[in-house]
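For reference, the structure is listed below as structure tokens.
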Amino acid sequence: MKITKDMKIEEVLKKYPQTREVFEEYGFHCLGCIAARFETIEEGAVVHGIDVDKFLKDINKKISEE
């Protein structure tokens, strides 16, 4: 499975807990906050000023390593 920008942050963290490290490296520090439950990766990236395409490349690399 590939992680996409329209997936919910919480959904990704539940399915791939090893991705927490990548989220934190990119500045997603409130992964336990209520917004993570309904916010998509793209929405979170926009709020945090993150290049969503670069983030997706790195997070998908992380899940492919394991």
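The numbers here are math on the coordinates, done by the rules we state, and not lab data. Just so we're clear, the structure is a prediction, and the values are computed from it rather than from any experiment. Please note: Cβ atoms are built from the backbone with ideal geometry, for glycine as well, and neighbour counts cover all protein chains shown.
Looking at the chain, identify the longest residue range that excludes and avoids all trypsin sites (Lys or Arg not before Pro) in DSSP loops having at most 16 other Cβ atoms within 10 Å. Each step should come with its number before you reach the end.
On the way: sites that count: LYS2, LYS5.
Answer - 6-66.
Assigning unit charges at the beta carbon (Lys, Arg +1; Asp, Glu -1) and nothing else, what dipole magnitude in debye, to the nearest 20, does the chain show about its Cα centre? Spell out each step's value before the answer.
Numbers: 11 positive and 14 negative charges, 39 e Å.
Dipole of the chain, to the nearest 20 debye: 180 debye.
How much length would be gained if the chain were fully extended between MET1 and SER64, taking 0.36 nm per residue of separation minus their Cα-Cα distance, in nm to one decimal? List each step's numbers first, then the result.
On the way: separation 63, 0.36 × 63 = 22.68 nm, distance 0.92 nm.
Result: 21.8 nm gained on full extension.
Mind jotting down the three principal axis lengths of the chain based on Cα atoms? Whole angstrom, largest first.
Principal extents (Cα only, largest first): 28, 22, 20 Å.
Gain in length, GLU25 to ARG37, computed as 0.36 nm per residue apart minus the alpha-carbon separation, to one decimal in nm? Walk me through the numbers before you get to the answer.
Details: separation 12, 0.36 × 12 = 4.32 nm, distance 1.95 nm.
Taking GLU25 through ARG37 to full extension adds about 2.4 nm, to one decimal.
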